[in-house]
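Report on the following structure.
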Amino acid sequence: MKNIFKSINYYINILINKLQLKFYKKILNISEDGIVLLKVDRIGDFILWIKSLEAIINSYEEEKITIICERGVVQLLKNFKNLNIRIISVDRDKFLFNLYYRWKFLRKLKINKYKIVINPMYSRDFLSESLLEGIRAEKKIGIIGDDSNLNSKLLKKYNKNYTKLYTIPDTCVHELEINENFTDNICKNSINRISLDINFKKKRQIEEKYIVIFLGSSTPKKQWNLEKFIKIGQQLLEEYTLLLLGGRTEIKLGNNFQEFFKNKREVKNLIGCTTMEEVCNLIHNSELVITNDTFAVHLSTFLQKESVCIAGGGHFGRFLPYPQNSYKILPKVIYKKMKCFKCKWKCRYKTIPYKCIDLIEEKDVILKVRKILLEKEKGKCFK
């Protein structure tokens, strides 16, 4: 059914592009207006790409750079210092299901003509390919990539829209390695004139020592059992305040967690109540982050904060664990290895959460958490 929907949308976009080029011919700009970066995947993927964004900005410093990304990513980008680029926000759901929104958005993109469009996504999807097809540019560059989000027939059709597609060698497994390889191919030099860092508030928002917990994930199938999180919380509550963070779709999870502790002051529930700037600051000032496989583990790593991540094996090695030496502080990933790992989440077991996640026990997590906290306390003693 999904493939039929994607195929129908493919032909709808062809029709939209032909009609717009015909009816809006008089208002289309002829002069080329810099470079467009298409990075419309989720916020966790974007965080893994930040080093590449830095390299591209440095390499094409004389060009006007425009980046198209999702709304959540826009909030993150607003926190960066030294970021002087044009940002265009796209609403993924509206683009997919609201044809009027799609028409208006593609029309807006068509007005300008660009020198280059770069799509750095390895797992290209309908949104990225629709936008690339709709943008007028002399060169369109991307990655051959995999078929996680598009079937092979659609990929072949979309490939025709590119002037250059790079193949990533098999030695590049992790997303960081894929990003680095592609960036090396498209960047003229690696002179680091601009460094992207996040602005932090000097004042702590919470005075006591606290541990951040993210209960949710992109799908309930990737969420560790709430009762197991509660047992972890019970063991930490005597020494630390527990701070719950997450999006609005996870409010019920937070309320259920908090209700178990009878609204103790040591449990603070800020799920659905924080901006991206506040999330960055709260993670930055925490003792530790405990999370499912979400953007939080990647943000914590980027901010160089200790984290423990409960992860499954659908894309094992692609996003987690991180390669050694990629960062000084790496996330501690808790997983139960199964023969079916790297299934791209095409799971043979009909369980919620996925079986590889459900098999992870509380003791596996608490042991790792205790070890990290003990080492932090030892480190403070020797300073």
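Looking at segment 341-358, which of the residues that are surrounded by 15 or more Cβ atoms within 10 Å (Cβ to Cβ) and not β-branched (Val, Ile, Thr) is nearest to SER217 (Cα to Cα)?
Filtering segment 341-358 for residues that are surrounded by 15 or more Cβ atoms within 10 Å (Cβ to Cβ) and not β-branched (Val, Ile, Thr), the one nearest to SER217 (Cα to Cα) comes out as PRO353.
Mind checking which residues of segment 239-284 are surrounded by 18 or more Cβ atoms within 10 Å (Cβ to Cβ), out of contact with any Phe, Trp or Tyr (no Cβ under 7 Å at 6 or more places or on another chain) and of a type in the set (Gly, Ala, Ser)?
If the condition is that a residue be surrounded by 18 or more Cβ atoms within 10 Å (Cβ to Cβ), out of contact with any Phe, Trp or Tyr (no Cβ under 7 Å at 6 or more places or on another chain) and of a type in the set (Gly, Ala, Ser), then GLY254 is the only one that fits.
If I ask for residues that are part of a loop (DSSP other than H, G, I, E, B) and either free of Cβ contacts under 8 Å to residues at least 12 places away in the same chain or in contact with a strand residue (DSSP E or B) (Cβ under 7 Å, 6 or more places away or on another chain) (or both), which ones from segment 304-336 would you list?
Across segment 304-336, the qualifying residues are LYS305, GLU306, ALA311, LEU320, PRO321, GLN324, ASN325, PRO331.
Within segment 233-245, is even one residue under 20 Å from SER218 (Cα atoms) and of a type in the set (S, T, N, Q)?
Within segment 233-245 (the criterion being under 20 Å from SER218 (Cα atoms) and of a type in the set (S, T, N, Q)), the answer is no, since none of the residues qualifies.
Scan segment 204-225 for residues that are of a type in the set (Phe, Trp, Tyr) and more than 12 Å from TYR354 (Cβ to Cβ) and report the count.
Going through segment 204-225 one residue at a time, the tally reaches 2.
Take ILE372 and decide whether it is outside the structural domain of GLU180 (by TED's automatic domain parsing), part of a helix (DSSP H, G or I) and touching an Asp or Glu at 6+ places or on another chain (Cβ under 7 Å).
yes
Can you tell me which residues in segment 58-84 are assigned to a helix (DSSP H, G or I) and either in contact with a Pro (Cβ under 9 Å, 6 or more places away or on another chain) or crowded, with 21+ Cβ neighbours inside 10 Å (or both)? I'd like the intermediate steps shown before the answer.
We begin by selecting, within segment 58-84, every residue assigned to a helix (DSSP H, G or I); these are 58-59, 71-77.
Within segment 58-84, VAL73, LEU76 qualify.
Quick one: count up the residues across segment 164-182 that are among the charged types (D, E, K, R) and within 22 Å of the chain's Cα centre (by Cα).
3
Between a first residue in segment 340-369 that is at pLDDT 95 or above and a second residue that is of a type in the set (S, T, N, Q) and not in a loop (DSSP other than H, G, I, E, B), which pairs have beta carbons less than 9 Å apart while being 6 or more apart in sequence or on different chains?
Note: pairs meeting the criteria are PRO353/ASN292; ILE357/ASN292; GLU362/GLN235; ILE366/GLN235; VAL369/GLN235.
Could you go through segment 249-259 and let me know if any residue there is in a loop (DSSP other than H, G, I, E, B), in contact (Cβ under 8 Å) with a residue 40 or more places away in the chain and farther than 21 Å from LEU77 by Cα.
no
Which members of segment 147-160 meet the condition of being crowded, with 17+ Cβ neighbours inside 10 Å and of a type outside the set (A, V, I, L, M)?
Result: ASN149, TYR158.
Exactly one condition in (1) surrounded by 16 or more Cβ atoms within 10 Å (Cβ to Cβ); (2) under 23 Å from ILE16 (Cβ atoms); (3) not β-branched (Val, Ile, Thr) is false for GLY44; which is it?
Among (1) surrounded by 16 or more Cβ atoms within 10 Å (Cβ to Cβ); (2) under 23 Å from ILE16 (Cβ atoms); (3) not β-branched (Val, Ile, Thr), the lone unmet condition for GLY44 is (2).
Quick check on ILE283: is it under 25 Å from TYR354 (Cα atoms) and either in the same structural domain as CYS343 (by TED's automatic domain parsing) or within 21 Å of the chain's Cα centre (by Cα) (or both)?
In short, no.
The values are calculated or read from the model by the stated rules, or taken from the named source; none is laboratory data. Note that the structure is predicted; figures quoted are calculated from it, not measured. Ideal geometry is used to build each Cβ from the backbone, glycine not excepted, and the neighbour counts take in all protein chains shown.
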